[in-house]
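Reading through the structure tokens given below for one structure.
The values are calculated or read from the model by the stated rules, or taken from the named source; none is laboratory data. Quantities reported herein were computed from a predicted structural model and do not represent experimental measurements. Here Cβ is always computed from backbone atoms with ideal geometry, including for glycine, and neighbour counts include all displayed protein chains. Side chains included, ligands, DNA and RNA excluded: accessible areas come from the protein's heavy atoms. Shrake-Rupley method; radii C 1.70, N 1.55, O 1.52, S 1.80 Å.
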Amino acid sequence: MKRIDAERERRLAWFREARFGMFIHWGLYAVPGGVWKGRDVGGVGEWIYNSAQITVADYEPLQQQFNPVKFSAKEWVATAKDAGMRYIVITSKHHDGFCLWDSKLTDWDVMGTPFKRDILKELAAECQKQKIKLCFYHSIMDWHHPDYLPRRGWDKRPVAEANFARYIAYMKGQLKELLTGYGPIGIAWFDGEWEGTWTHAHGEDLYQFVRALQPNTIVNNRVDKGRQGMAGMTKGDFAGDYGTPEQEIPANGFGEGVDWESCMTLNDTWGFKSKDTNWKSTETLLKNLIDCASKGGNYLLNVGPTPEGTFPQPIIERLGMMGKWLKAHGEAIYGTQASPFPKPLPWGRVTRKGNKLYLHVFNTSQPTLLLPGLKTKVKSARTLGKERISVPASASPEGVTLTLPESLKNQPLPVIVLELDGPPTVEVSET
Ligand code: JFZ
């Protein structure tokens, strides 16, 4: 039985409509950019404190080196908007505990750097101006705070005085700053919940705490203990509004009412790494976005800005091209529902809006496309775009077969719009 929760439907409406967001991992780790004492440290950039087993005393001087003079909230937000992204999730605080805003509760923040500007304030103002949702990633795990437990093995600061309850009070105080001083916040995106000190009771409490401060804020499932590994979905009765697959897209959707968002990197790191040039192609990125939408989920694509405060050029190029595709094909992404076919089709992906199906053709080299088991009558089939080329369709016991127009053969990721006589009915054959 599906629980119909009108409040939840209303609160998640923008998230379902959006389909595409920008993740930003930015902090002190951008300064070493994956290199510590001349050594290329393995792993993701934002984990360098952990991967290179740096002590707090050796990590702290990075604060004096953080001076991103080229940072422009206006440009960042414009880049996200032009890419067709509908929300931004930025690290207010990552695992190293460093805060990108002016926090009254610590000096381990951006005001203690030579830059001395409240980055989140500037972004909040720009997001409101350019009409895009601002969201915060906030790490529960904190390698820097003296009250956080457990300590890393090489961290020799005495633990006797550490008090985890006091750490939670600190974290809540900071969330209060973030949820009361920066306008409407779309999502509170928690992380680091896997640590042994964090319990289900903590998760429930933190979820309610956020909802009480901003009733419309969506909270991801990493607030609590229900997430099942990298696949990211919650099993059991745990807090959190949606699932968070990481670096993967589920094989199939989960049906209506189960919300999720796959977060993925553009290269192989979240936080900036100077030597990581393994950029995914625009085609791959767009296919990922389409794949997520076809399964009823969102795509949260990560950017790791440089220590100067800019987006690496390969990112700008790819986001620009994605935006171009979305300008022409956005109708087939935003506000769509999952495909009515239970599994991805071999030639591409399908999204749906009411009685319309959008066929995203990944493989344009085959002469026909089969929509297996589709029983609803096709009223019209045309390409999405100015030309509106008509596409021949014929029904058979197997389903509906479309003949791919010659002109689509060398187009990157074309979309065909089917108008059906009613809501799609798909008969699944058991094989
Ligand atoms: C987490 C962070 O540690 C990482 O730095 C980044 O912010 C990413 C979006 O989220 O990464 C994880 C989280 C969970 C697992 C692995 C990496 N896990 O459950 O195996």
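Leaving ligands and nucleic acids out of the surface, order 272, 20 by accessible area at 1.4 Å, largest first. Don't jump to the answer; show the numbers that get you there.
Details: 272 40, 20 0 Å².
Greatest to least solvent exposure: 272, 20.
Taking the dipole about the Cα centre of the chain, with the C-beta of Lys and Arg at +1 and of Asp and Glu at -1, give me whichever of 328, 59, 120 is farthest to the positive side.
Value computed over the given set: 328.
Please list, in order along the stretch 269-276, the HN-Hα scalar couplings obtained from phi with the Karplus expression 6.51 cos²θ - 1.76 cosθ + 1.60 (θ = phi - 60°), rounded to whole Hz, x for Gly and Pro.
So the Karplus estimates, Gly and Pro as x, are 9, 8, x, 3, 9, 4, 9, 8 Hz.
Report the FRET efficiency, 1/(1 + (r/R0)^6), for residue 39 and residue 105, where r is their Cβ-Cβ distance and R0 is 30 Å, rounded to 0.05.
Approximately 0.30, to the nearest 0.05.
Anyone know which of 283, 177, 161 comes out most mobile in the 10 Å Cα GNM of the chain?
161
With label points built 7 Å along Cα→Cβ from the Cα atoms of residue 343 and residue 6, find their separation and express it in nm.
Reported label-point gap for residue 343 and residue 6 is 4.0 nm.
Quick one: check the C-alpha center-to-center distance for the stretch 175-200 versus the stretch 275-329, whole angstrom.
Computed from Cα coordinates, the inter-centre distance equals 25 Å.
Nearest 5 is fine: what % of DSSP beta bridges in the stretch 2-120 come out antiparallel, could you say? Let's see the in-between values first.
Working: 3 of 8 bridges.
Taking every DSSP beta bridge with both residues in the stretch 2-120, the antiparallel ones total about 40 percent.
What residues qualify as long-range amide H neighbours of residue 268, i.e. H under 5 Å apart, gap of 5 or more or another chain, H built at 1.01 Å from N?
When sequence neighbours closer than 5 places are left aside, the close amide H contacts are 278.
Charges on Cβ only, +1 for Lys and Arg, -1 for Asp and Glu, centred on the Cα centroid of the chain; of 143, 79, 91, which one is farthest towards the dipole's positive end?
79
Counting Lys and Arg as +1 and Asp and Glu as -1, each charge on the Cβ, what is the dipole of the stretch 25-170 about the Cα centre in debye, to the nearest 20?
Values: 19 positive and 17 negative charges, 74 e Å.
It works out to roughly 360 debye.
If you keep only loop residues by DSSP, which trypsin sites (Lys or Arg not before Pro) in the stretch 2-44 have at most 15 other Cβ atoms within 10 Å of their Cβ?
Working: sites: 2, 3, 8, 10, 11, 16, 19, 37, 39; in loops: 2, 3, 19, 37.
Qualifying residues, ordered by number: 2, 3, 37.
If you take every DSSP beta bridge whose two residues both sit in the chain, what share of them, in percent to the nearest 5, is antiparallel?
Details: 33 of 64 bridges.
Expressed as a percentage, antiparallel bridges in the chain total about 50.
Stretched out fully, how many nm does the piece from residue 228 to residue 82 gain, at 0.36 nm a residue minus the Cα gap? Working shown, then result.
Details: separation 146, 0.36 × 146 = 52.56 nm, distance 3.40 nm.
Gain in length upon complete extension: 49.2 nm.
Going by amide H atoms built from the backbone, whose H comes under 5 Å of the H on residue 298, apart from near neighbours?
Amide H neighbours of residue 298: 260, 261, 262.
Residue 303's amide H: which non-local residues (gap 5+, or another chain) put their own amide H closer than 5 Å, with H modeled 1.01 Å from N in plane and none for Pro or chain starts?
So residue 303 has HN proximity to 23, 24, 25.
Distance check, please: which entries in 156/225; 353/379; 70/133; 131/172 exceed 18 angstrom between their Cα atoms?
Values: 156/225 28 Å; 353/379 15 Å; 70/133 23 Å; 131/172 27 Å.
Distance filter (> 18 Å) returns 156/225; 70/133; 131/172.
Could you tell me the calculated FRET efficiency between residue 195 and residue 70, based on Cβ-Cβ distance and R0 = 51 angstrom, to the nearest 0.05?
On the way: r = 35 Å, r/R0 = 0.69.
The calculated FRET efficiency here is 0.90.
Taking only protein heavy atoms into account and a 1.4 Å probe, give the accessible area per residue of the chain in Å².
So the chain comes to 43 Å² accessible per residue, rounded to a whole number.
Within the chain, what whole-number % of the accessible surface is contributed by carbon and sulfur, with the 1.4 Å probe and all protein chains included in the calculation? Display every interim value, and only then the final one.
On the way: 9660 of 18370 Å².
Here it works out to 53 percent.
Take the chain, connect every pair of alpha-carbon atoms lying under 10 Å apart with a spring to form a Gaussian network, then pick out the residue of 264, 85, 111 with the largest mean-square fluctuation.
Comparing 264, 85, 111 in the GNM, the peak value goes to 111.
If the limit is 29 Å between Cα atoms, which of 93/129; 377/409; 273/343; 74/235 go over it? Intermediate values should be presented prior to the final figure.
Numbers: 93/129 24 Å; 377/409 26 Å; 273/343 36 Å; 74/235 40 Å.
Violating the 29 Å Cα-Cα cut-off are 273/343; 74/235.
Given the DSSP H assignment, sum -39500 (n - 2.57) over each helix run of at least 4 residues in the chain and divide by its residue total; what's the result at 222 nm in deg cm²/dmol, nearest 500? Intermediate results must be reported in sequence, preceding the final value.
Numbers: 10 runs with 107 residues, N = 431.
Per the formula, -7500 deg cm²/dmol.
Can you tell me how much longer the chain between residue 428 and residue 313 gets when fully stretched, taken as 0.36 nm per residue apart minus their C-alpha distance, in nm with one decimal?
Working: separation 115, 0.36 × 115 = 41.40 nm, distance 4.58 nm.
Extra length from residue 428 to residue 313 when fully extended: 36.8 nm.
At 1.4 Å probe size, with no ligands or nucleic acids counted, give the accessible surface of residue 170 in Å², nearest ten.
Its accessible surface works out to 30 Å², give or take rounding.
Just check the chain against the gyration tensor rule for me: Cα atoms, a ≥ b ≥ c as the square roots of the eigenvalues, rounded for a/c under 1.5, and otherwise prolate or oblate depending on whether a/b exceeds b/c.
Numbers: a/c = 2.23, a/b = 1.77, b/c = 1.26.
It is prolate, given that a/c is not under 1.5 and a/b is the larger ratio.
Quote the charge dipole size of the chain about the Cα centre in Debye, to the nearest 20; the model charges only the Cβ of Lys and Arg (+1) and of Asp and Glu (-1).
On the way: 53 positive and 49 negative charges, 218 e Å.
I would put it at about 1040 debye.
Pop out the ³J(HN,Hα) list for the stretch 90-96 in order, Karplus 6.51 cos²θ - 1.76 cosθ + 1.60 with θ = phi - 60°, rounded to Hz; leave Gly and Pro as x.
For the stretch 90-96, the Karplus curve yields 10, 6, 5, 8, 9, 4, 6 Hz.
What angle, in degrees between 0 and 90 and rounded to the nearest 10, separates the Cα long axis of helix 200-213 from the longest principal axis of the Cα atoms of the chain?
80
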